[in-house]
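The values are calculated or read from the model by the stated rules, or taken from the named source; none is laboratory data. Keep in mind that this is a model prediction, so the values were computed, not measured. Neighbour counts are summed over all protein chains in view; Cβ atoms, including those assigned to glycine, are modelled from backbone coordinates with ideal geometry.
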Amino acid sequence: MTMSSSLRREVTHFQPRLAIDEAMTPPASWYTWPDFFERERETVFAQNWQFACPLDKVRENGQYVRVDVQGETYVILRDENGDMRGFHNVCRHHAAQLVVGEGCAEELVCPYHGWTYGLDGVLKSAPQMGAMKGFKRMRFALPPVEVEVWGPLVFFHPGTPERPFAESFADLGPRLNAFGSAALMHVTRRRYPMNCNWKVFVDNYLDGGYHIAHLHRGLASQLSMDSYATQVFDMHSVQTCASNATPKNSEGHDFKERIGRGSIYAFLYPNFMINRYGPIMDTNWVLPIDATHCEVVFDYWFPAKEGAEAERFIEQSLAASDRVQQEDIAISESVQRGLRSRSYNTGRYAPALEIAMHHFHRLLSSDLTEV
């Protein structure tokens, strides 16, 4: 995609080489212009690893999940030999989408004209196409995408990855494993539509805990905010915070059993978060819809999901999580409205706190300016 002169000017308005204490934040155009949305589709989202689904969704042979990202549709599945595979979810005949949702199948059958593909992506049959000249069936296999399983999560790459997923995020694995992530069970998924650009939500997540004391008072009462720390790596960042030694429980607020010994907030560029609170893990997958709308998909893992005590803990934890998310939605939508104001164009970073946000913007700048 060739950038227009106006788009290039706005992309390069952000100066990634400046240190955080000198830098201005990206201009409002990054969050409001439709041209940025299209540019991100061709660069940011076409060239980086993407979340596919919890591993529990594709544990058995034949299980599949449809994944839609930035106008592209994919199918992630486990074939009859137990191997993980991914393909573009588009029939090679007349472009109908092969699957919806999730399920289990022995083959992929197009609902339009019945073209049938094996779980290896190879075209098995094409009804009523026998009279064609020069038709070579093997050339009409589904285009594959790289897939990797990483703990309880499945990721895929829409293009050609420079490095395997596990290598790209090697520093993160041991930190999460120390919390016992492998033993957790996927319990539920919730979706939150939001009237803001996807990057507004990410920025909020990456502000180094700056907003927690002001916006999430229930959560803040359970954390020792003086211990909040941020580290940045190549393609991810990690924020950590210890629990409050003397937490306060009050009706409608968070509670100490959910927070446990503390929290880990891991951001995987460009649009995926992993959160560990004590015995719980949840993930946030931020899906752009258009320049000013996105959807955040939450998946939740717990150490147990059967029995009255486990069900009570899950119910209370989901309620606390929902409260935090509703607070984030409200402030993110407020920011999006402010970004359209004639009074605002760029802001500044809090140098000691918004380190991960600055790192995110630098990665974006690198992708957006790529020729």
In the range 79-97, the residues that are outside any strand (DSSP E or B) and among the hydrophobic types (A, V, I, L, M, F, W, C):
C91, A95, A96
Does F140 qualify as being surrounded by 13 or more Cβ atoms within 10 Å (Cβ to Cβ) and under 20 Å from the mean Cα position of the chain (by Cα)?
no
Which ones in the range 54-95 are surrounded by 16 or more Cβ atoms within 10 Å (Cβ to Cβ) and of a type in the set (A, V, I, L, M)?
L55, V58, V65, V67, V69, V75, I76, L77, M84, V90
Check the range 194-209 and report whether any residue there is surrounded by fewer than 17 Cβ atoms within 10 Å (Cβ to Cβ) and charged (D, E, K, R).
no
Kindly indicate whether any position in the range 328-337 is closer than 25 Å to T25 by Cα, touching a residue at least 12 places away in the same chain (Cβ under 8 Å) and polar (S, T, N, Q).
yes
Among (1) out of contact with any Phe, Trp or Tyr (no Cβ under 7 Å at 6 or more places or on another chain); (2) assigned to a strand (DSSP E or B), there is one condition D226 misses while meeting the rest; what is its number?
(2)
Condition set hydroxyl-bearing (S, T, Y) and at pLDDT 95 or above, scope the range 180-209, selection farthest from S332 (Cα to Cα): answer is T188
Report yes if C104 is crowded, with 16+ Cβ neighbours inside 10 Å and modelled with pLDDT of 95 or more, otherwise no.
no
